[in-house]
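Everything on this sheet refers to the single structure shown next.
The values are calculated or read from the model by the stated rules, or taken from the named source; none is laboratory data. None of the values given here were measured: they were computed from a predicted structure. When we count neighbours, we look across all protein chains shown, and the Cβ atoms used for this are built from the backbone with ideal geometry, even at glycine. Please note that ligands, DNA and RNA were not included when accessible areas were found on the heavy atoms of the full protein model with its side chains. Shrake-Rupley method; radii C 1.70, N 1.55, O 1.52, S 1.80 Å.
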Amino acid sequence: MQARIEWGQVRVIAAKEFRDRIRNRWVVAVAVIFALFALAIAYFGASQQGEVGFRSIDVTVASLVSLVIYLVPLIALILGYDAIVGERERGSLELMLSMPITRFEILLGKYCGLAAALASSTVLGFGAGLLPLAAELTVRDGYHYAGFVGSAILMGMAFLSISMLVSVLALDRVRASGVAIGLWFFFVLIFDLLLMGALVLSQGRLGSNTFAALLMLNPADVFRLLNIFSSEQAQSMYGLATVMPGGLTDPAVLLAIMAAWVVIPFLLANWSFKCPSR
(Lines give C-alpha, C1' and ligand atoms only; values in the text may rest on other atoms or scores of the structure.)
Protein backbone atom coordinates (compact mmCIF):
# COMPACT_ATOMS: atom_id res chain seq x y z
CA MET A 1 0.00 0.00 0.00
CA GLN A 2 1.33 3.45 -0.95
CA ALA A 3 2.55 5.38 2.09
CA ARG A 4 1.14 8.84 2.70
CA ILE A 5 3.05 11.48 0.75
CA GLU A 6 4.78 14.11 2.88
CA TRP A 7 4.37 17.17 0.67
CA GLY A 8 6.70 19.18 2.87
CA GLN A 9 9.56 16.81 1.93
CA VAL A 10 8.63 17.12 -1.76
CA ARG A 11 8.69 20.94 -1.52
CA VAL A 12 12.14 20.91 0.13
CA ILE A 13 13.64 18.73 -2.64
CA ALA A 14 11.88 20.76 -5.37
CA ALA A 15 13.02 24.08 -3.91
CA LYS A 16 16.64 22.87 -3.75
CA GLU A 17 16.57 21.78 -7.40
CA PHE A 18 15.02 25.10 -8.46
CA ARG A 19 17.53 27.15 -6.40
CA ASP A 20 20.42 25.19 -7.92
CA ARG A 21 19.23 26.10 -11.43
CA ILE A 22 18.82 29.75 -10.42
CA ARG A 23 22.26 29.81 -8.75
CA ASN A 24 24.11 28.41 -11.77
CA ARG A 25 22.21 30.86 -14.05
CA TRP A 26 20.65 27.99 -16.03
CA VAL A 27 17.19 29.60 -16.00
CA VAL A 28 18.53 32.98 -17.12
CA ALA A 29 20.66 31.49 -19.90
CA VAL A 30 17.78 29.47 -21.38
CA ALA A 31 15.37 32.41 -21.04
CA VAL A 32 17.77 34.69 -22.94
CA ILE A 33 18.09 32.11 -25.73
CA PHE A 34 14.31 31.79 -26.04
CA ALA A 35 13.82 35.58 -25.94
CA LEU A 36 16.37 36.23 -28.70
CA PHE A 37 14.92 33.55 -30.97
CA ALA A 38 11.32 34.67 -30.36
CA LEU A 39 12.13 38.31 -31.14
CA ALA A 40 14.21 37.41 -34.20
CA ILE A 41 11.52 35.15 -35.66
CA ALA A 42 8.72 37.61 -34.91
CA TYR A 43 10.58 40.50 -36.55
CA PHE A 44 12.65 38.87 -39.31
CA GLY A 45 10.62 35.71 -39.99
CA ALA A 46 9.24 37.08 -43.26
CA SER A 47 12.56 38.44 -44.59
CA GLN A 48 12.72 35.67 -47.23
CA GLN A 49 9.55 37.18 -48.75
CA GLY A 50 11.24 40.60 -48.81
CA GLU A 51 9.41 41.88 -45.73
CA VAL A 52 10.73 42.85 -42.31
CA GLY A 53 8.54 43.34 -39.26
CA PHE A 54 5.77 41.62 -37.36
CA ARG A 55 3.15 40.09 -39.71
CA SER A 56 0.77 38.02 -37.58
CA ILE A 57 0.83 35.88 -34.46
CA ASP A 58 -0.17 32.79 -36.50
CA VAL A 59 2.89 33.09 -38.75
CA THR A 60 5.14 33.81 -35.76
CA VAL A 61 3.84 30.80 -33.78
CA ALA A 62 4.12 28.52 -36.84
CA SER A 63 7.79 29.53 -37.21
CA LEU A 64 8.47 29.20 -33.48
CA VAL A 65 6.94 25.69 -33.39
CA SER A 66 9.66 24.42 -35.73
CA LEU A 67 12.34 25.99 -33.54
CA VAL A 68 10.88 24.86 -30.21
CA ILE A 69 10.66 21.23 -31.38
CA TYR A 70 14.46 21.22 -31.61
CA LEU A 71 15.32 23.26 -28.51
CA VAL A 72 12.89 22.34 -25.74
CA PRO A 73 13.29 18.51 -25.91
CA LEU A 74 17.08 18.89 -25.91
CA ILE A 75 17.04 21.26 -22.93
CA ALA A 76 14.61 19.03 -20.98
CA LEU A 77 16.64 15.86 -21.62
CA ILE A 78 19.90 17.58 -20.60
CA LEU A 79 18.18 19.01 -17.53
CA GLY A 80 16.97 15.70 -16.13
CA TYR A 81 19.35 12.95 -17.27
CA ASP A 82 21.57 13.09 -14.15
CA ALA A 83 18.86 13.88 -11.58
CA ILE A 84 19.09 10.43 -9.96
CA VAL A 85 22.17 8.80 -11.43
CA GLY A 86 24.22 11.90 -10.56
CA GLU A 87 23.16 11.71 -6.91
CA ARG A 88 23.97 7.99 -6.92
CA GLU A 89 27.50 8.58 -8.29
CA ARG A 90 28.19 11.34 -5.76
CA GLY A 91 26.98 9.10 -2.93
CA SER A 92 24.36 11.60 -1.82
CA LEU A 93 21.44 9.37 -2.83
CA GLU A 94 22.24 6.86 -0.07
CA LEU A 95 22.41 9.75 2.42
CA MET A 96 18.95 11.01 1.34
CA LEU A 97 17.47 7.49 1.51
CA SER A 98 18.78 7.11 5.06
CA MET A 99 16.50 10.00 6.08
CA PRO A 100 12.74 9.71 6.68
CA ILE A 101 11.86 10.35 3.04
CA THR A 102 10.55 7.91 0.44
CA ARG A 103 11.98 7.26 -3.01
CA PHE A 104 8.76 8.58 -4.57
CA GLU A 105 9.07 11.87 -2.65
CA ILE A 106 12.68 12.27 -3.85
CA LEU A 107 11.72 11.55 -7.46
CA LEU A 108 8.65 13.81 -7.38
CA GLY A 109 10.54 16.63 -5.65
CA LYS A 110 13.34 16.55 -8.21
CA TYR A 111 10.84 16.43 -11.08
CA CYS A 112 8.80 19.36 -9.72
CA GLY A 113 11.91 21.50 -9.15
CA LEU A 114 13.31 20.83 -12.62
CA ALA A 115 9.89 21.33 -14.24
CA ALA A 116 9.54 24.67 -12.43
CA ALA A 117 12.96 25.78 -13.72
CA LEU A 118 12.05 24.74 -17.27
CA ALA A 119 8.64 26.43 -17.11
CA SER A 120 10.10 29.63 -15.64
CA SER A 121 12.74 29.96 -18.35
CA THR A 122 10.17 29.23 -21.08
CA VAL A 123 7.66 31.80 -19.81
CA LEU A 124 10.34 34.45 -19.16
CA GLY A 125 12.08 33.86 -22.48
CA PHE A 126 9.11 33.79 -24.81
CA GLY A 127 7.33 36.51 -22.81
CA ALA A 128 10.30 38.88 -22.96
CA GLY A 129 10.89 38.03 -26.62
CA LEU A 130 7.51 39.30 -27.73
CA LEU A 131 7.33 42.22 -25.26
CA PRO A 132 8.69 44.80 -27.75
CA LEU A 133 5.84 43.87 -30.14
CA ALA A 134 3.11 43.95 -27.48
CA ALA A 135 1.53 47.13 -28.92
CA GLU A 136 0.82 45.28 -32.19
CA LEU A 137 -0.92 42.30 -30.53
CA THR A 138 -4.64 41.88 -29.99
CA VAL A 139 -6.25 40.05 -27.07
CA ARG A 140 -6.83 37.05 -29.33
CA ASP A 141 -3.12 37.11 -30.30
CA GLY A 142 -2.22 37.09 -26.61
CA TYR A 143 -4.38 34.02 -25.93
CA HIS A 144 -2.96 32.22 -28.96
CA TYR A 145 0.63 32.99 -27.94
CA ALA A 146 -0.05 31.95 -24.32
CA GLY A 147 -1.44 28.65 -25.62
CA PHE A 148 1.73 28.10 -27.65
CA VAL A 149 3.94 28.79 -24.59
CA GLY A 150 1.80 26.47 -22.44
CA SER A 151 2.06 23.65 -24.99
CA ALA A 152 5.85 24.16 -25.17
CA ILE A 153 6.02 23.75 -21.37
CA LEU A 154 3.92 20.57 -21.57
CA MET A 155 6.23 19.12 -24.23
CA GLY A 156 9.21 20.01 -22.06
CA MET A 157 7.62 18.25 -19.09
CA ALA A 158 7.05 15.15 -21.25
CA PHE A 159 10.71 14.99 -22.25
CA LEU A 160 11.71 15.75 -18.66
CA SER A 161 9.72 12.66 -17.55
CA ILE A 162 11.55 10.61 -20.18
CA SER A 163 14.90 11.92 -18.95
CA MET A 164 14.00 11.06 -15.34
CA LEU A 165 13.28 7.48 -16.47
CA VAL A 166 16.69 7.41 -18.20
CA SER A 167 18.35 8.75 -15.05
CA VAL A 168 16.80 6.02 -12.89
CA LEU A 169 17.70 3.19 -15.29
CA ALA A 170 21.24 4.32 -16.23
CA LEU A 171 24.27 2.78 -14.56
CA ASP A 172 26.32 6.00 -14.70
CA ARG A 173 26.13 9.61 -15.92
CA VAL A 174 28.09 8.98 -19.13
CA ARG A 175 25.66 6.31 -20.30
CA ALA A 176 22.69 8.43 -19.20
CA SER A 177 23.90 11.41 -21.24
CA GLY A 178 24.47 9.17 -24.27
CA VAL A 179 20.96 7.71 -24.05
CA ALA A 180 19.46 11.20 -23.56
CA ILE A 181 21.17 12.55 -26.68
CA GLY A 182 20.19 9.41 -28.60
CA LEU A 183 16.55 9.86 -27.60
CA TRP A 184 16.69 13.49 -28.80
CA PHE A 185 17.98 12.33 -32.21
CA PHE A 186 15.29 9.65 -32.38
CA PHE A 187 12.27 11.75 -31.42
CA VAL A 188 13.29 15.00 -33.16
CA LEU A 189 15.24 13.90 -36.24
CA ILE A 190 14.66 10.20 -36.98
CA PHE A 191 11.08 9.37 -35.98
CA ASP A 192 9.36 11.38 -38.72
CA LEU A 193 11.81 10.10 -41.36
CA LEU A 194 11.01 6.50 -40.38
CA LEU A 195 7.29 7.28 -40.46
CA MET A 196 7.47 8.87 -43.90
CA GLY A 197 9.57 5.94 -45.14
CA ALA A 198 7.00 3.46 -43.86
CA LEU A 199 4.25 5.49 -45.52
CA VAL A 200 6.01 5.35 -48.89
CA LEU A 201 6.95 1.66 -48.61
CA SER A 202 3.38 0.71 -47.70
CA GLN A 203 2.21 2.17 -51.05
CA GLY A 204 -0.95 3.52 -49.53
CA ARG A 205 -1.79 0.49 -47.36
CA LEU A 206 -0.87 2.51 -44.25
CA GLY A 207 -4.14 4.37 -43.75
CA SER A 208 -4.56 7.85 -42.34
CA ASN A 209 -5.87 6.45 -39.03
CA THR A 210 -2.75 4.33 -38.55
CA PHE A 211 -0.50 7.20 -39.64
CA ALA A 212 -2.18 9.55 -37.17
CA ALA A 213 -1.98 6.98 -34.34
CA LEU A 214 1.75 6.52 -34.95
CA LEU A 215 2.26 10.31 -34.73
CA MET A 216 0.91 10.12 -31.16
CA LEU A 217 3.94 7.99 -30.22
CA ASN A 218 6.12 11.09 -30.40
CA PRO A 219 5.46 13.99 -27.97
CA ALA A 220 7.20 16.39 -30.39
CA ASP A 221 4.63 15.51 -33.07
CA VAL A 222 1.78 15.88 -30.56
CA PHE A 223 3.10 19.39 -29.77
CA ARG A 224 3.27 20.26 -33.47
CA LEU A 225 -0.30 19.01 -34.10
CA LEU A 226 -1.57 20.83 -31.01
CA ASN A 227 -0.38 24.15 -32.40
CA ILE A 228 -1.43 23.42 -35.97
CA PHE A 229 -5.00 22.56 -35.06
CA SER A 230 -5.29 25.57 -32.74
CA SER A 231 -5.05 27.91 -35.74
CA GLU A 232 -6.87 27.78 -39.11
CA GLN A 233 -4.05 29.71 -40.78
CA ALA A 234 -1.47 27.21 -39.50
CA GLN A 235 -3.61 24.31 -40.78
CA SER A 236 -3.51 25.77 -44.28
CA MET A 237 0.28 26.24 -44.03
CA TYR A 238 0.96 22.62 -43.06
CA GLY A 239 -1.82 20.89 -45.02
CA LEU A 240 -2.33 18.16 -42.41
CA ALA A 241 -6.04 18.79 -41.97
CA THR A 242 -6.91 16.46 -44.85
CA VAL A 243 -4.74 13.61 -43.52
CA MET A 244 -5.59 13.56 -39.81
CA PRO A 245 -8.84 11.88 -38.65
CA GLY A 246 -11.22 14.23 -36.88
CA GLY A 247 -10.85 12.54 -33.49
CA LEU A 248 -7.16 13.39 -33.33
CA THR A 249 -7.48 17.04 -34.36
CA ASP A 250 -9.36 18.03 -31.20
CA PRO A 251 -6.97 20.09 -29.01
CA ALA A 252 -8.54 18.51 -25.88
CA VAL A 253 -7.65 15.01 -27.13
CA LEU A 254 -4.13 16.12 -28.05
CA LEU A 255 -3.71 17.72 -24.61
CA ALA A 256 -4.81 14.45 -22.96
CA ILE A 257 -2.24 12.51 -25.03
CA MET A 258 0.48 15.01 -24.08
CA ALA A 259 -0.52 14.66 -20.42
CA ALA A 260 -0.12 10.88 -20.78
CA TRP A 261 3.41 11.48 -22.09
CA VAL A 262 4.10 13.49 -18.91
CA VAL A 263 2.63 10.94 -16.50
CA ILE A 264 3.50 7.49 -17.93
CA PRO A 265 7.33 7.86 -18.15
CA PHE A 266 7.32 9.34 -14.64
CA LEU A 267 5.32 6.40 -13.27
CA LEU A 268 7.70 3.98 -15.00
CA ALA A 269 10.63 5.85 -13.42
CA ASN A 270 8.96 5.60 -10.01
CA TRP A 271 8.29 1.88 -10.48
CA SER A 272 11.92 1.26 -11.42
CA PHE A 273 13.27 3.54 -8.66
CA LYS A 274 11.43 1.49 -6.04
CA CYS A 275 13.75 -1.43 -6.82
CA PRO A 276 16.20 -1.59 -3.87
CA SER A 277 19.19 -2.21 -6.19
CA ARG A 278 18.79 1.27 -7.72
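Key figures for this structure:
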{"read-out": "Checklist (1) at pLDDT below 80; (2) out of contact with any Phe, Trp or Tyr (no Cβ under 6 Å at 6 or more places or on another chain); (3) surrounded by 13 or more Cβ atoms within 10 Å (Cβ to Cβ) applied to residue 1, failing item", "value": "(3)"}
{"read-out": "So residue 157, is it open to solvent by 40 Å² or more (accessible area, probe 1.4 Å), closer than 20 Å to residue 27 by Cβ and touching a Leu at 6+ places or on another chain (Cβ under 8 Å)", "value": "yes"}
{"read-out": "In the range 233-278, residue most open to solvent (accessible area, probe 1.4 Å) [restricted to those that are of a type outside the set (Gly, Ala, Ser), part of a helix (DSSP H, G or I) and at pLDDT below 65]", "value": "237"}
{"read-out": "The range 208-232, residues that are among the small types (Gly, Ala, Ser) and at pLDDT 75 or above", "value": "208, 212, 213, 220"}
{"read-out": "Test: residue 33 is at negative phi, β-branched (Val, Ile, Thr), in a helix (DSSP H, G or I) and at pLDDT below 90", "value": "yes"}
{"read-out": "Pick from the range 176-215, criterion of a type in the set (Ser, Thr, Tyr) and in a helix (DSSP H, G or I), ranking: nearest to residue 165 (Cα to Cα)", "value": "177"}
{"read-out": "Residue check, residue 230 among the small types (Gly, Ala, Ser), part of a helix (DSSP H, G or I), in contact (Cβ under 8 Å) with a residue 60 or more places away in the chain and crowded, with 17+ Cβ neighbours inside 10 Å", "value": "no"}
{"read-out": "Long-range neighbours under 7 Å by Cβ, at least six apart or interchain, first residue under 20 Å from residue 115 (Cα atoms) within the range 140-158, second surrounded by fewer than 21 Cβ atoms within 10 Å (Cβ to Cβ) and at pLDDT below 90", "value": "147/230"}
{"read-out": "Looking only at the range 173-198, and only at residues there that are open to solvent by 40 Å² or more (accessible area, probe 1.4 Å) and in contact with a helix residue (DSSP H, G or I) (Cβ under 6 Å, 6 or more places away or on another chain), the one that is modelled with the lowest pLDDT", "value": "173"}
{"read-out": "Elements of type helices (runs of 4 or more DSSP H) contained in the range 49-127, each with 1 or more residues being surrounded by fewer than 22 Cβ atoms within 10 Å (Cβ to Cβ), aliphatic (A, V, I, L, M) and in contact with a helix residue (DSSP H, G or I) (Cβ under 6 Å, 6 or more places away or on another chain)", "value": "57-80, 92-97"}
{"read-out": "Every pair of residues 6+ apart whose Cβ atoms lie under 7 Å, when the first sits in the range 203-214 and is surrounded by 15 or more Cβ atoms within 10 Å (Cβ to Cβ) while the second is modelled with pLDDT of 80 or more and in a helix (DSSP H, G or I)", "value": "206/198; 206/199; 211/199; 214/195"}
{"read-out": "Which listed residue, of 94, 89, is closer than 25 Å to residue 27 by Cα and of a type in the set (Asp, Glu)", "value": "89"}
